[in-house]
1. Once phi is turned into ³J(HN,Hα) by the Karplus curve 6.51 cos²θ - 1.76 cosθ + 1.60 with θ = phi - 60°, what whole-Hz value does each residue of the stretch 31-39 show in order, with x for glycine and proline?
2. Which value, in Å² rounded to 10, gives the accessible area of Thr61 with a 1.4 Å probe and all protein chains present?
3. Please list 3J(HN,Hα) in residue order for the stretch 93-105, calculated via the Karplus relation 6.51 cos²θ - 1.76 cosθ + 1.60 where θ = phi - 60°; whole Hz, with x for glycine and proline.
4. Keeping the other protein chains in place, figure out the carbon and sulfur percent of the accessible area of the chain, with a 1.4 Å probe.
Amino acid sequence: MTGPYAYTRNPLYFGSAILALAAAIAAHSWISAVILCGYFALFYSIVMRREEAELRQHHGTAFDEYARSVPLFFPRPTPAKLSFAGAGSFSFAQYKKNHEYQAAIGFALLLAVLLLIWWLRLR
């Protein structure tokens, strides 16, 4: 509920969407753009709603209040001021538990593909 989570409930997915859009633009292909953006919109919307239901079940009314103050995907212009939000800190254990490193791996693979496409076009 602090840091980037005071702006959007899904900052990692929002960042991934920006990367997917950038990859679609960098590929210079409408087909790639449609596939990437369509895949993202379909699967990540399902994942976000599933995670939202799990959080609501686990945290109850506290999550409902948080959800009313912080948008699901597109960030607020200013951080939400939540009375029940404690001081947040980074937790490497939580990072590993949530498999958030997968986003970094996905970005690295995407970057490798884009570099390969760029290299092939130079030849």
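The values are calculated or read from the model by the stated rules, or taken from the named source; none is laboratory data. Since we're looking at a predicted model, the values are computed, not measured. Ligands, DNA and RNA are stripped out before the accessible areas are found, and what is left, the full protein with its side chains, is counted by its heavy atoms. Shrake-Rupley method; radii C 1.70, N 1.55, O 1.52, S 1.80 Å.
1. Running phi through 6.51 cos²θ - 1.76 cosθ + 1.60 with θ = phi - 60° gives 5, 4, 4, 5, 5, 4, 5, x, 4 Hz.
2. 110 Å²
3. With the stated coefficients, the stretch 93-105 comes to 4, 5, 4, 5, 4, 7, 6, 5, 5, 4, 5, 5, 5 Hz.
4. The computed percentage sits at 68.
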